[in-house]
Amino acid sequence: MVAVERKLMLSDMALHVARGLLTALDQHVAAEPVNQIIVCQGSFEHDLTSSCACRLHCELGQGKAPFALGQLQGASFVMALKVAAALMATDAQTRTVLIVATERWRRPFHRSIGALTALGDGAAAVLVQAGAETGWVARALTVRTPAAPPGVGHPLVWIDAATLVSVIEETCMQAGVSPAAIDWVLPARLNRRLACDISSRCGLSSARTVLGDVGSTGYLCTADTPVSLDKLLCAIRPRAGQYILAWSAGFQGQVACALLQFHGDEHVRT
């Protein structure tokens, strides 16, 4: 069984979570205006002539010309974080980036990805701010895509586990953090066996690996990591210095890893 959205369109879902996030921020802090909107999506609008990113830009009335990422599938969210960090590092006027990830799989697209997983519908929104003193800080972000297209006879769908292990190790090394020191591990919710195998191979604690219930939602592709982050942050009270490691993957060898560290007041949720 997977989560299926029968009423809302893709951009409806994206607009719903974006408005919810911005409204919640307005109630707690003097929020800065959004300077840039990045949409992550692998699925399509029912009306193929419509743009989810452009609709968000129009209805929210904030930010420069928006754009979307999708060809990295599950790895798209971490790529969006990398793009946001690059924009903030090179443009002093870009201080707040809204990342919205949304998926809705309609016919003729299949929800079943062989025996690996099933795709579900979902959406999540994340606000990234430059220079924030409290909240979760991105310590290291790594994305890797296949160097060459697969040869004849290669399966159309595969998870590059060897490269994923390498990327997780590289991400921890960049931040100077031992995998054993990670407080929470958020794997892609593709299937539990893969998640446990990757944690074992990387030296990540199995007790700290948050497996979730993929059977009730399905794999949310570009929205999978931010949805998992939201569920985890609703359930924990982090202390300064603690780490979350989240990894994700696409179905043609794309892999990504993000290492986040909590700074500041334990009562702040971001």
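Descriptive notes on the structure:
- Number of the condition not met by Leu72 [criteria: (1) within 28 Å of Arg192 (Cβ to Cβ); (2) surrounded by 21 or more Cβ atoms within 10 Å (Cβ to Cβ); (3) over 18 Å from the mean Cα position of the chain (by Cα)]: (3)
- Qualifying residue in region 56-69 (condition: touching a Phe, Trp or Tyr at 6+ places or on another chain (Cβ under 9 Å) and outside any helix (DSSP H, G or I)): yes
- Here Cys196 does not fit the description of being in contact with a helix residue (DSSP H, G or I) (Cβ under 7 Å, 6 or more places away or on another chain) and buried (at least 21 other Cβ atoms within 10 Å of the Cβ).
- Listed by first and then second residue, the pairs linking a residue in region 102-125 that is without any contact (Cβ under 8 Å) to a residue 60 or more places away in the chain to a residue that is in a loop (DSSP other than H, G, I, E, B), with Cβ atoms under 8 Å apart and 6 or more places separating them unless they lie on different chains, are Gly114/Val157.
- Whenever a residue of region 232-244 is over 15 Å from Arg208 (Cα atoms), its partners that are at pLDDT 95 or above, lying with C-beta atoms within less than 8 angstrom and at least six residues away or across chains, give the pairs Arg239/Phe262; Ala240/Phe262; Gly241/Gln261; Gly241/Phe262.
- Restricting attention to region 73-114, the residues that are in contact with a helix residue (DSSP H, G or I) (Cβ under 6 Å, 6 or more places away or on another chain) and within 16 Å of Ile37 (Cβ to Cβ) add up to 8.
- Sole residue being without any contact (Cβ under 8 Å) to a residue 40 or more places away in the chain, over 17 Å from the mean Cα position of the chain (by Cα) and buried (at least 18 other Cβ atoms within 10 Å of the Cβ), chosen from Gly63, Gly131: Gly63
- Out of Met79, Met13, one residue alone is under 24 Å from Val143 (Cα atoms) and either of a type in the set (D, E, K, R) or surrounded by 20 or more Cβ atoms within 10 Å (Cβ to Cβ) (or both). It is Met79.
The values are calculated or read from the model by the stated rules, or taken from the named source; none is laboratory data. Just so you know, these numbers come straight off a predicted model, no measurement behind them. Methodologically, a virtual Cβ is constructed for each residue, glycine included, from the backbone with ideal geometry; neighbour enumeration extends over all protein chains shown.
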